[in-house]
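Asker: Handing you this structure, nothing more for now.
The values are calculated or read from the model by the stated rules, or taken from the named source; none is laboratory data. Remember, it's a predicted structure, so these values are computed and weren't measured experimentally. Cβ placement follows ideal geometry from the backbone for every residue including glycine, while neighbour counts extend to all protein chains displayed.
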Amino acid sequence: MILHSRIEVQDGGKHIRRVGQRVDDCQTALLAAGRILQFNDEEGIVRYIALPENLHPPQEGDILRIDLSAGTIGFLYRKASPHNALFITERCNSRCIMCSQPPRSIDDDYLIEEILEMLPLVSAETVEMGITGGEPTLLGEKLIQVIQSLKNNLPQTAVHMLTNGRAFKSQQWAKRIGDIQHQDLMLGIPVYSDIARLHDFIVQSQGAFDETIRGILNLASHDVPIEIRVVTHKQSLPRLRETALYIARNFPFVRQVALMGLELVGFARSNIDALWEEPCEYGDTLIEAVSELSCRGVKVLIFNHPLCVLPQKLWPYAVKSISDWKNVYIKECELCAVRERCGGLFASSEVRRPKGIKPFSEAPASPPQCPAFVTASL
Amino acid sequence: MNLNRTFLQPEKNSQPATLLPFRFVPLDELRYVAVNAGGEHIVTDRNAIESLIDGKLPVEHPQADDFEARHFLSREKTTIAMLASQIRTRLSGLPDFTGLHMFVVTLRCDHSCQYCQVSRVSEDRAAFDMTPETADAALAHVFKSPSPHIKIEFQGGETLLNFELIKYIIEKAMILGANRDIQFVIATNLGFIDEEIINYCRDKQVFFSVSLDGPAFLHDANRPRPGNDSHARVKNALHRVRNSLGVERVSALMTTTKLSLSYPKEIVDEYVSLGFDTIFLRPLSDYGFASRSRGKIGYQSNAFVDFFKVALDRVIKWNLKGTRIVEAYTHLLLRRILTSYPTGYVDLQSPSGMGIGALLYNYNGKVYTADEGRMLAEMGDDTFCIGHVNDDYGNLIHGSNLVPMLRESMVEAVPMCSDCAFNLYCGTDPLYHYRSQGDWVGHRPTSDFCFRNMEIIKHLICLLEDDRESREVLMSWMP
Amino acid sequence: MVWMETGSWQEMADGSVFIRLDAKIYSETAALKALHEVSALCTGTVSRASNSVEVRLTGGDSTLVENFLRRANDYVLREKLDKQTAALRDLILAHTFSKTDLS
């Protein structure tokens, strides 16, 4: 366990002590407990670092980023987590009104250099690796290198990249991704409306819809697997059913469509009044959207909705989608009989709790199944 | 809108919209239905269609966005490519060529059904059974088709009266088609089923397609046999076959006679009580014996459409109560209306599936473009015979009437069909029109085929549009 | 309705119906196609006069004229639509049967 991270230490690094000092007996005990880290610096000198108290103890196989000059330390990769992702850039060419990771126009090219350096160290047993940002395709050629490196270093690992897909309006670019022939790469691309004007408004960028649509078609023509993502909020819900129909008719080739609840951080928090709808009140709209997709053979998943706010008909589509570090279950959940199946809430939901959060005293019976032989009469 | 000040408000449409090709027909007294070039429909009214075509549809029209999203209007360059891809998907089954191959293993039968065109109550094997030599020659044609999925269906007569030949064909086909996905189906009344047949069919994954017209009084009236016990025999055999092969390996096929028309609910209920999860509400074919005895068992198309609607409603009610049963014709049409995925049903596509979707090898070695072709032949008209199993394969396809028939009967060219909004949903049936109207193009204003399909398609579109409960059931049958 | 302004019709002594349509609006093809659609109900002829398209229908009941005119009006609309979109229809088919990219 060695190397890099850029999780900022909030209190200015005062927890970092005794960098580069010899380890005494007391410290040996801390080392064994995972509170002191031993590593080789660039000159190959053995150094030790005491970890900040709020940092999760590193485990064998984890990867950390340690910046001695800036006094920062944090995880780049945690072997035990199913939610590892490569954060490629903070820059983005869209500015979605509900963005949970508001973009910044900064020079952060070093991020991708670190990723390229780190990938050979990642455990080959990793089940899935995300690529996220910002907009990863802004890195151009470097992104191709990252995917190529993932293919070479992690041949067993599924890769899921979040992108707005606009770069793939260029057939050339779509071909570059397809030509890598990554064994298990899926691109998660947002389509927020079936109407250009409304999608462009939601992503705050004129012409984005046309670019994304062309991107999806180009990627499909190079057999790159695609997931479509739709975030459900006040601006997208009025045409959610029509958007589902549009996706199903025009992109029947997509691997899956994810209908995603709002995460109330970033712009979603500052624009909350223009976005918030109670999930328990748009259940019928979700049912219509799900049925437009599934009746055309398109797989649908519902993300970020606790089961108690969903109609039971939709439970089979709900998945536990919230990454472990921001996932919470609240007091009401403690006694709930379906807690194990439920994806819970975002930690950020304390800003506004959905109405209708309530425990089930027993797991509801599944919806009526069709018996093979029925003797009842109508 | 309470957006943070740094965000832009929604724009007005900046690009002018281009009108795209579509077709339309009246749906009912008040409404029209319009279908775009890729097959996506919208229910609207004539005023909206007229304003759309005149370029005067107001942006605030409640369907303005829908017309754009469903490709009646376009502001994006991608629209053409998306429509093209929908049409390509719709036609994607064509290159596979013939997938369904029917073998008439015997004409002998123990039943003497009024509507049957071909069967003989006879003991004369030499005259009415297919020979192994004929089967060999037919099998050679089967595997000339490039289709990766081959379905071999055994037809009669009563097929089980010549089970030895069925076994012979299955054994040979499994060798010749070792690298293909082959499915075997035996069409039968199950009257002659025994343990040996059941065990063999279980081991070879054979499917059964059983004739079942409805409750006993109706089934037995439609299907006379000595003892008048056809229904009881089917029911008994059904139980044995399912126990050994599994419920899903037996499906049932019904024919609607004049008597059936009075019992739509009873027929559906019979299918439910016997545990079938599919029913195919099939009109009587206007051929052969069915044609001769038309006065007795035949009926007008509107009577069939009424029957169909009541029966479909009953099917939907069962689903709403929690019993899943699918009406096969509705399912087929819904797939064509709601998706671009190809469907294989021979009589509901353009070009017709005759020959290129299905071939029939008759007991005597003659090759027909469809099951009904040999029935017409029994009436003395061999128009749909495209040759003999001993002919060269290329000659069967190219040296016969087949290609002109397919070309001339395509809906894209047939008067009325070419302007019809439903021409991507419907299909062409050259044999039906030849039989009933004298030529394979036919005359749609007087065509029962056209009337029936128009009415049923309109009915389904209305159900999808107007009746939420029915729509949920219909969509749950998909894809 | 459209035909009130753009055409007229009268019943003839022999029981047939004579319809005169404004040729600026109705093409002969539209009239012929409408006639074809009602040909299960009646027989008829279509002929071209200087400024009009003349249709004579024999047989059928009292709803025939309205039935015929409604269909003719739809065909007029279809002709307008086809005129504007025929090139696009060809383009879509050309795309369908070719491998193209979008750039």
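Asker: Which numbered condition trips up B:CYS462, out of (1) away from chain A (no Cβ under 13 Å); (2) of a type in the set (A, V, I, L, M, F, W, C); (3) under 30 Å from A:VAL298 (Cβ atoms); (4) crowded, with 19+ Cβ neighbours inside 10 Å?
Answerer: (4)
Asker: A further question follows. May I ask you to say which residue of B:GLU469, B:GLU455 is away from chain A (no Cβ under 14 Å), part of a helix (DSSP H, G or I), in contact (Cβ under 8 Å) with a residue 24 or more places away in the chain and among the acidic types (Asp, Glu)? Walk me through it before giving the result.
Answerer: Values: B:GLU469 fails: away from chain A (no Cβ under 14 Å).
Only one candidate passes the filter, namely B:GLU455.
Asker: Could I ask something else about it? Could you list all residues from segment A:216-239 that are of a type in the set (A, V, I, L, M, F, W, C) and at the interface with chain B (Cβ under 10 Å from one of its Cβ atoms)?
Answerer: A:ILE216, A:LEU217, A:ALA220, listed by residue number.
Asker: Would you check if there is a residue in segment A:323-343 being within 14 Å of chain B (Cβ to nearest Cβ), surrounded by 13 or more Cβ atoms within 10 Å (Cβ to Cβ) and either aromatic (Phe, Trp, Tyr) or touching a helix residue (DSSP H, G or I) at 6+ places or on another chain (Cβ under 7 Å) (or both)? Steps first, please.
Answerer: In the first step, residues of segment A:323-343 are kept if they are within 14 Å of chain B (Cβ to nearest Cβ); the result is none.
Scanning segment A:323-343, I find no residue that is within 14 Å of chain B (Cβ to nearest Cβ), surrounded by 13 or more Cβ atoms within 10 Å (Cβ to Cβ) and either aromatic (Phe, Trp, Tyr) or touching a helix residue (DSSP H, G or I) at 6+ places or on another chain (Cβ under 7 Å) (or both), so the answer is no.
Asker: Would it be correct to say that B:ASN319 is buried (at least 20 other Cβ atoms within 10 Å of the Cβ), within 14 Å of another protein chain (Cβ to nearest Cβ), modelled with pLDDT of 80 or more and over 17 Å from B:HIS219 (Cβ atoms)? Can you show your working first?
Answerer: Values: buried (at least 20 other Cβ atoms within 10 Å of the Cβ): yes; within 14 Å of another protein chain (Cβ to nearest Cβ): yes; modelled with pLDDT of 80 or more: yes; over 17 Å from B:HIS219 (Cβ atoms): yes.
So B:ASN319 fits the description; yes.
Asker: Considering every residue within segment A:122-145, establish whether at least one is surrounded by 20 or more Cβ atoms within 10 Å (Cβ to Cβ), more than 28 Å from A:VAL230 (Cα to Cα) and not charged (D, E, K, R).
Answerer: Checked segment A:122-145: at least one residue is surrounded by 20 or more Cβ atoms within 10 Å (Cβ to Cβ), more than 28 Å from A:VAL230 (Cα to Cα) and not charged (D, E, K, R).
Asker: Need the failing condition index for B:VAL35 against (1) within 12 Å of chain C (Cβ to nearest Cβ); (2) at pLDDT 95 or above; (3) out of contact with any Asp or Glu (no Cβ under 8 Å at 6 or more places or on another chain); (4) not in a helix (DSSP H, G or I), just the number.
Answerer: In the conditions (1) within 12 Å of chain C (Cβ to nearest Cβ); (2) at pLDDT 95 or above; (3) out of contact with any Asp or Glu (no Cβ under 8 Å at 6 or more places or on another chain); (4) not in a helix (DSSP H, G or I), B:VAL35 misses (1) alone.
Asker: Does at least one position in segment B:102-119 carry a residue that is under 24 Å from A:ILE213 (Cβ atoms) and without any contact (Cβ under 8 Å) to a residue 60 or more places away in the chain? Write out each step before concluding.
Answerer: Step one: list which residues in segment B:102-119 are under 24 Å from A:ILE213 (Cβ atoms), which gives none.
Looking through segment B:102-119, none of the residues is under 24 Å from A:ILE213 (Cβ atoms) and without any contact (Cβ under 8 Å) to a residue 60 or more places away in the chain.
Asker: Next question, about the same structure. Any residue in segment A:356-373 that's more than 21 Å from A:CYS280 (Cβ to Cβ): show its pairings with residues that are modelled with pLDDT of 55 or more at Cβ separation under 7 Å, as long as the two are six or more apart or on different chains.
Answerer: That search, which allows pairs on different chains as well, returns A:PRO368/B:GLY322; A:CYS370/B:GLY322; A:CYS370/B:THR323; A:CYS370/B:ARG324; A:PRO371/B:THR323; A:ALA372/B:VAL247; A:ALA372/B:GLY275; A:PHE373/B:GLY275.
Asker: Before we move on, is B:HIS101 under 30 Å from B:VAL142 (Cβ atoms), surrounded by 22 or more Cβ atoms within 10 Å (Cβ to Cβ) and not charged (D, E, K, R)?
Answerer: yes
Asker: Another question about this same structure. Hey, could you check segment B:341-370 for residues that are more than 15 Å from B:GLY427 (Cβ to Cβ) and surrounded by 24 or more Cβ atoms within 10 Å (Cβ to Cβ) and say which is nearest to the other protein chains (Cβ to nearest Cβ)?
Answerer: B:LEU359
Asker: Name the single residue, out of those in segment C:51-103 being of a type in the set (Gly, Ala, Ser) and farther than 30 Å from A:LEU217 by Cα, that is farthest from the other protein chains (Cβ to nearest Cβ). It would help to see each step written out before you state the result.
Answerer: Taking segment C:51-103 as the starting set, the residues that turn out to be of a type in the set (Gly, Ala, Ser) are C:52, C:59-60, C:62, C:72, C:86-87, C:94, C:98, C:103.
From what is left, the residues that are farther than 30 Å from A:LEU217 by Cα are C:52, C:59-60, C:62, C:72.
Values: C:SER52: 23, C:GLY59: 13, C:GLY60: 12, C:SER62: 17, C:ALA72: 13 Å.
If we take residues in segment C:51-103 being of a type in the set (Gly, Ala, Ser) and farther than 30 Å from A:LEU217 by Cα, then C:SER52 is farthest from the other protein chains (Cβ to nearest Cβ).
Asker: Something else now. Are there any pairs, at least 6 apart or on different chains, whose C-beta atoms fall under 8 Å, with the first in segment A:219-238 and surrounded by fewer than 22 Cβ atoms within 10 Å (Cβ to Cβ) and the second among the basic types (Lys, Arg) and part of a helix (DSSP H, G or I), and if so, which?
Answerer: Every condition considered, the pairs that remain are A:HIS222/A:LYS175.
Asker: Next question. Give the residues of segment B:300-352 that are of a type in the set (A, V, I, L, M), over 14 Å from the mean Cα position of the chain (by Cα) and part of a loop (DSSP other than H, G, I, E, B), sorted by residue number.
Answerer: B:ILE325
Asker: Would you list the strands (runs of 3 or more DSSP E) that sit entirely within segment C:6-92 and hold 2 or more residues that are without any contact (Cβ under 8 Å) to a residue 60 or more places away in the chain and in contact with a Ser or Thr (Cβ under 6 Å, 6 or more places away or on another chain)?
Answerer: Details: elements: C:7-11, C:17-22, C:43-48, C:52-58.
It comes to C:17-22, C:52-58.
Asker: Looking for something modelled with pLDDT of 95 or more, over 19 Å from the mean Cα position of the chain (by Cα), under 30 Å from B:VAL142 (Cα atoms) and among the polar types (S, T, N, Q) - is there at least one such residue anywhere in segment B:385-398?
Answerer: Taking every residue of segment B:385-398 in turn, at least one turns out to be modelled with pLDDT of 95 or more, over 19 Å from the mean Cα position of the chain (by Cα), under 30 Å from B:VAL142 (Cα atoms) and among the polar types (S, T, N, Q).
Asker: Across segment B:243-264, what is the total count of residues that are touching a strand residue (DSSP E or B) at 6+ places or on another chain (Cβ under 6 Å) and either free of Cβ contacts under 8 Å to residues at least 12 places away in the same chain or not β-branched (Val, Ile, Thr) (or both)?
Answerer: Applying the first criterion (touching a strand residue (DSSP E or B) at 6+ places or on another chain (Cβ under 6 Å)) to segment B:243-264 yields B:249-253, B:256.
The next check asks that each one be either free of Cβ contacts under 8 Å to residues at least 12 places away in the same chain or not β-branched (Val, Ile, Thr) (or both); those that pass are B:249, B:251-253.
Residues meeting the conditions: 4.
Asker: If you don't mind, another one. Only one of (1) farther than 27 Å from B:VAL241 by Cα; (2) part of a loop (DSSP other than H, G, I, E, B); (3) of a type outside the set (Val, Ile, Thr); (4) away from chain C (no Cβ under 14 Å) fails for B:SER92. Which number is that?
Answerer: If we test B:SER92 against (1) farther than 27 Å from B:VAL241 by Cα; (2) part of a loop (DSSP other than H, G, I, E, B); (3) of a type outside the set (Val, Ile, Thr); (4) away from chain C (no Cβ under 14 Å), just (4) comes out false.
Asker: Quick one: which residue in B:ILE42, B:ILE80 is at pLDDT 95 or above and among the aliphatic types (A, V, I, L, M)?
Answerer: Values: B:ILE80 fails: at pLDDT 95 or above.
Selected residue: B:ILE42, the only one of B:ILE42, B:ILE80 that is at pLDDT 95 or above and among the aliphatic types (A, V, I, L, M).
Asker: While we're on this one: Of the conditions (1) within 14 Å of chain C (Cβ to nearest Cβ); (2) at pLDDT below 95; (3) touching a helix residue (DSSP H, G or I) at 6+ places or on another chain (Cβ under 8 Å), B:PHE72 fails just one. Which one is it?
Answerer: So the condition that B:PHE72 fails would be (2).
Asker: Could you please give the count of residues in segment B:200-218 that are assigned to a helix (DSSP H, G or I), more than 16 Å from B:ALA187 (Cβ to Cβ) and not charged (D, E, K, R)? Give the steps one after another, and end with the answer.
Answerer: Step one: of segment B:200-218, the residues assigned to a helix (DSSP H, G or I) are B:200-203, B:216-218.
Then drop every residue that is not more than 16 Å from B:ALA187 (Cβ to Cβ), which leaves B:200, B:202-203, B:216-218.
Narrowing the set further to residues that are not charged (D, E, K, R) leaves B:200, B:216-218.
Summing the residues that are assigned to a helix (DSSP H, G or I), more than 16 Å from B:ALA187 (Cβ to Cβ) and not charged (D, E, K, R) in segment B:200-218 gives 4.
Asker: Restricting attention to segment A:185-215, which residues are closer than 22 Å to A:ALA85 by Cβ and within 11 Å of another protein chain (Cβ to nearest Cβ)?
Answerer: Across segment A:185-215, the qualifying residues are A:VAL203, A:THR212, A:GLY215.
Asker: Let me spell it out: the conditions are (1) without any contact (Cβ under 8 Å) to a residue 12 or more places away in the chain; (2) among the basic types (Lys, Arg); (3) within 14 Å of chain A (Cβ to nearest Cβ), and B:LYS56 meets all of them except one. Which number is the exception?
Answerer: (3)
Asker: Further, regarding this structure: For segment A:83-116, which residues satisfy the criterion of being in contact with a His (Cβ under 7 Å, 6 or more places away or on another chain) and either among the basic types (Lys, Arg) or more than 14 Å from chain B (Cβ to nearest Cβ) (or both)? If you could, list the steps in order and put the result at the bottom.
Answerer: Of the residues in segment A:83-116, the ones in contact with a His (Cβ under 7 Å, 6 or more places away or on another chain) are A:98, A:114.
Across segment A:83-116, the qualifying residue is only A:GLU114.
Asker: Taking segment A:276-324 as the region of interest, how many residues are within 18 Å of the chain's Cα centre (by Cα), assigned to a loop (DSSP other than H, G, I, E, B) and within 19 Å of A:ALA363 (Cα to Cα)?
Answerer: Final tally of qualifying residues: 4.
Asker: When segment A:252-274 is examined, which residues are found to be facing another protein chain (nearest Cβ under 9 Å) and under 22 Å from A:MET98 (Cβ atoms)?
Answerer: Passing the criteria: A:PHE267, A:SER270, A:ASN271, A:ILE272, A:ASP273, A:ALA274.
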